[in-house]
Amino acid sequence: MRQILARLCLASISISLLGQAPCVIAFVPRALFASRRVASAAARAMASSPDPSPVASTALSETCPRTGNPLPNLPIPDPLLSITPGTWAHDTMSRRLNEEILQRTYEENEEAFNSAPFAEALRRLNELRAELREASSTKLRDLRFDRSTDGRPPDVVDLEEREWREILAPHVEAGDTWLSTPWLVAEFYAYRRLVEALGYHDQSNPATYLYDPFLVAKRAGLESSVSSAENMLEKVTSLPRTKEGVALAAAFALWGNKMDLSIWPADAENSSMDVFAKILHAADDNLLHDDTEALTEHCERLRDRGGGMVDIIVDNAGFELVTDLALADHLVASGVAKVVTFQLKSHPTFVSDALEKDLRETVEHYTALSPEKYPNNQAAGVRWQKYLDEGKWVCHEDNFWVQPSPMWEMPAPLRSDMKERCDLAFVKGDANYRRLLGDRYWDYSSPFQDVVGCYFPCPVCSLRTLKAEVGC
């Protein structure tokens, strides 16, 4: 009970901590799936008993009605909305998105927005902002697609339009507003509306076609990452090819520059494992849940069989992406992974979320650094480029990563690929974690296995700093 109360306490104050928030490491090995499925039958029986769970839930079915995929084993709670003042969701949709994010986006692209080729984009951006100023009363509409100017293949456009219509249909038909629509849906929809406003896919306008409105912020993050990364990457190259090495690489990917490196041994390659255990212990203080042991045991099995196929579902560009690359570097170099696939966004979203071009630009930037001033960064850039050239690192963009659907609604091609190919997936960041949980009010003591592991197509490790008020 004490552990559960501690979780609740930390989670309840996490929204005020923001960048210094507690974190979650959760890992589910494939071997646990079957035994947990047996327990799920009892959970469903309890949910239908006269003494139901205090968490509101939808009726359970064996598979997702939309996709036929497996569902969480537990009754699915209600989604987070944005209607309650004082919540992170309400502040985001009623104020922060328009007054901070879109305002800053305009300011960082002011010259472009006030040029003739961007006149229509600016008009549509202002329309979007006007809707958000009246978020409590403005109803959602369907996205607009123009096949005559869209630069993508027709089947890609058709698929995206169909997916978004299915996502929005319940809310458009119900007359939901920006606030009464589930928060995750409204938030992803807002960024997709920005893409629409820009004419991002409109190849008839070279000025706006594939124009990234967040490029200024991303490049600032990339340039500022260099000094912190130099120290970190020196440590990553000396990680032992053991469980402790994997644990530290994962900790870097979770904590980034908040890791305490002051106790790192000068001669790391010849140091005892006790030293690395001490470093790991120093990073444990603010963890809500830690399945590192299960993660490292799984990675050891992959290493023993000659390496596996590992995916990293990427979150942000900048320093966080550099830590993802460092994790992937260690996984390949230590023999845990034969190939690492980076799952990336297919268009700009959530300001700093990474596309393939952002990953490749990061590698190019680090490769071009001065080897005298930044020897570890530059050497890492060279290694990373070689991984890309040799096919040990693969980039994959997919529209699913820029949509609000819960991950149990993963489309069949992507799900089949991950189920058949992937031996381990790292899921990075708050928004991706929210999608793992469907952005719903799960009890904080709900087992991660019964919420996520039972439906995810492969073994999954979630690395997440807490922002939104969801967790398990």
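The values are calculated or read from the model by the stated rules, or taken from the named source; none is laboratory data. Since we're looking at a predicted model, the values are computed, not measured. Cβ atoms come from the backbone with ideal geometry, glycine included; neighbour counts cover every protein chain shown. Areas reflect the complete protein model, heavy atoms only, side chains present, ligands, DNA and RNA absent. Shrake-Rupley method; radii C 1.70, N 1.55, O 1.52, S 1.80 Å.
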Under the condition of being in a helix (DSSP H, G or I), of a type outside the set (A, V, I, L, M) and over 28 Å from the mean Cα position of the chain (by Cα), which residue from the range 104-123 is farthest from D176 (Cα to Cα)? E111
Can you name the condition, by its number, that L184 falls short on among (1) open to solvent by 70 Å² or more (accessible area, probe 1.4 Å); (2) of a type in the set (A, V, I, L, M); (3) in contact with an Asp or Glu (Cβ under 6 Å, 6 or more places away or on another chain)? (1)
Any idea which residue in the range 232-249 is most open to solvent (accessible area, probe 1.4 Å), counting only those that are in a helix (DSSP H, G or I) and without any contact (Cβ under 8 Å) to a residue 60 or more places away in the chain? K243
On the given criteria, is E173 open to solvent by less than 50 Å² (accessible area, probe 1.4 Å) and under 20 Å from P404 (Cβ atoms)? no
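Residue by residue, here is whether (1) touching an Asp or Glu at 6+ places or on another chain (Cβ under 6 Å); (2) open to solvent by 10 Å² or more (accessible area, probe 1.4 Å); (3) on the phi < 0 side of the Ramachandran plot holds:
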{"site": "N399", "(1), (2), (3)": "yes, yes, yes"}
{"site": "P406", "(1), (2), (3)": "no, yes, yes"}
{"site": "E409", "(1), (2), (3)": "no, yes, yes"}
{"site": "E420", "(1), (2), (3)": "no, yes, yes"}
{"site": "D423", "(1), (2), (3)": "no, yes, yes"}
{"site": "D443", "(1), (2), (3)": "no, yes, yes"}
{"site": "G453", "(1), (2), (3)": "no, no, yes"}
{"site": "P457", "(1), (2), (3)": "no, no, yes"}
{"site": "T465", "(1), (2), (3)": "no, yes, yes"}
Yes or no: the range 128-149 includes at least one residue that is of a type in the set (D, E, K, R), part of a loop (DSSP other than H, G, I, E, B) and either open to solvent by less than 40 Å² (accessible area, probe 1.4 Å) or over 18 Å from Y189 (Cβ atoms) (or both). yes
How many residues are touching a residue at least 60 places away in the same chain (Cβ under 8 Å) and either closer than 16 Å to D202 by Cα or touching a Ser or Thr at 6+ places or on another chain (Cβ under 9 Å) (or both) if we restrict to the range 104-120? 4
Answer yes or no: is there a residue in the range 316-333 that is surrounded by 21 or more Cβ atoms within 10 Å (Cβ to Cβ), in contact with a strand residue (DSSP E or B) (Cβ under 8 Å, 6 or more places away or on another chain) and within 26 Å of L168 (Cα to Cα). yes
Which numbered condition D155 fails, given (1) open to solvent by less than 20 Å² (accessible area, probe 1.4 Å); (2) without any contact (Cβ under 8 Å) to a residue 60 or more places away in the chain; (3) acidic (D, E): (1)
Which numbered condition trips up D202, out of (1) open to solvent by 10 Å² or more (accessible area, probe 1.4 Å); (2) in contact with a Leu (Cβ under 7 Å, 6 or more places away or on another chain); (3) farther than 26 Å from R435 by Cα? (2)
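When you scan the range 164-192, how many residues do you find that are part of a helix (DSSP H, G or I) and under 20 Å from the mean Cα position of the chain (by Cα)?
So the answer is 12.
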Can E372 be described as within 17 Å of the chain's Cα centre (by Cα) and surrounded by fewer than 19 Cβ atoms within 10 Å (Cβ to Cβ)? no
Being of a type in the set (S, T, Y) and buried (at least 24 other Cβ atoms within 10 Å of the Cβ) is the filter here, so list the residues in the range 425-441 that pass it. Y433
In the range 82-103, how many are assigned to a helix (DSSP H, G or I) and either touching a residue at least 40 places away in the same chain (Cβ under 8 Å) or among the small types (G, A, S) (or both)? 9
